[in-house]
Amino acid sequence: MNNSVGNTARLLGAGLRALLVLTVVCGILYPLAVTGIAQALFHDKANGSEIKDKSGRVVGSSLIGQRYDLPKKDPSDPEEAAKPDPRWFQPRPSHGLGTNSVNTRYSLVLSGATNKAADNPDLVKLVTEAKDAVIADNSTATHKVKPEDVPADAVTSSGSGLDPNISPAYAQLQVQRVAEQNKLDAEQVEKLVADHTTGRTLGFMGEPRVNVLELNTALKALTES
């Protein structure tokens, strides 16, 4: 009996010591080391890749797309369709999982793809309507957008539905409208697009892209200068 109690006590003691050591190593030392390395080498990314305006106010993350819509006439009406604000560059469509229906008290950002086949009638309808809207929204009195000039990312959502980037072609398509709405020269807006166009990663991965939030933040700074 005494041996049995002694063995049990030793096992419990070994287990408690192992628990203490693993708690210190995995629960304290490892998180501190990872956090320290991240803050030292990747400070911006570790803190959410925040984008700030010229006043230093955080306006979002460079990793998450945002919409730029006009205020609703009736904010309490969930059925009222959002309309894009013509003063700003618009991101690609975001169909994904739709609106939050779980907790209606908060406006949550939902991520997901449509998972519809290319010949799905609903998807074809969405793309057709989106193309018509892009042409109508970006045509001005002096500049008409041609159907063949509308790039794919202007009418299709990304796999996550939260893509923060658009193609340089889609950004360029919006230049005339943005310039007119903000009373700027088209050359100024074109320069903004060029300045915020990022090339392929390492020169060969992915495609050239324009971060919409960064571009609109620079546009706001330009209009307020």
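No lab work stands behind these numbers, since they all come straight from the coordinates. Worth saying up front: this structure is predicted, and the values here are computed from it rather than measured. Glycine also receives a Cβ, built like all others from the backbone with ideal geometry; neighbour counts cover every protein chain displayed.
Can you give the helix-only mean residue ellipticity at 222 nm for the chain, where every DSSP H stretch with n ≥ 4 adds -39500 (n - 2.57) and the sum goes over all residues, rounded to the nearest 500 deg cm²/dmol?
-12500 deg cm²/dmol
Please work out which option in (i) 51, 36, 33; (ii) 96, 42, 41; (iii) 50, 43, 31 gives Cα extents along the principal axes in Å calculated from these coordinates, and answer with its label.
(ii)
With θ set to phi - 60°, apply the Karplus curve 6.51 cos²θ - 1.76 cosθ + 1.60 along region 166-173 and write out the HN-Hα couplings as whole Hz, x wherever there is a Gly or Pro.
Result, rounded to whole Hz: 10, 6, x, 5, 5, 5, 5, 4.
Quick one: give the max-minus-min coordinate of the C-alpha atoms of region 152-218 along each principal axis, largest first, in Å.
Taking the Cα atoms of region 152-218, the three principal extents are 35, 25, 20 Å.
Using DSSP loop states and a limit of at most 14 other Cβ atoms within 10 Å to flag trypsin sites (Lys or Arg not before Pro), what is the longest stretch of the chain containing no flagged site?
For trypsin sites (Lys or Arg not before Pro) (loop position, at most 14 other Cβ atoms within 10 Å), the longest site-free span of the chain is 1-53.
Taking the square root of 5 times each eigenvalue of the Cα gyration tensor, what semi-axes in Å does the equivalent ellipsoid of region 1-79 have, largest first?
After diagonalising the Cα gyration tensor, the semi-axes are 54, 22, 8 Å.
Using 22 Å as the Cα-Cα cut-off, could you pick out the over-long pairs in Lys83/Lys125; Lys73/Lys116; Lys72/Lys116; Lys73/Lys131?
Pairs exceeding the cut-off: Lys73/Lys116; Lys72/Lys116; Lys73/Lys131.
So for region 2-43, Kirkwood radius off the Cα pairs, Stokes-Einstein at 10 °C and 1.306 mPa s: how many µm² s⁻¹?
Estimated diffusion coefficient is 129 µm²/s.
When Phe204, Phe42, Phe89 are ordered from fewest to most other Cβ atoms inside 10 Å of their Cβ, what list results?
In increasing order of surrounding Cβ atoms, one gets Phe204, Phe42, Phe89.
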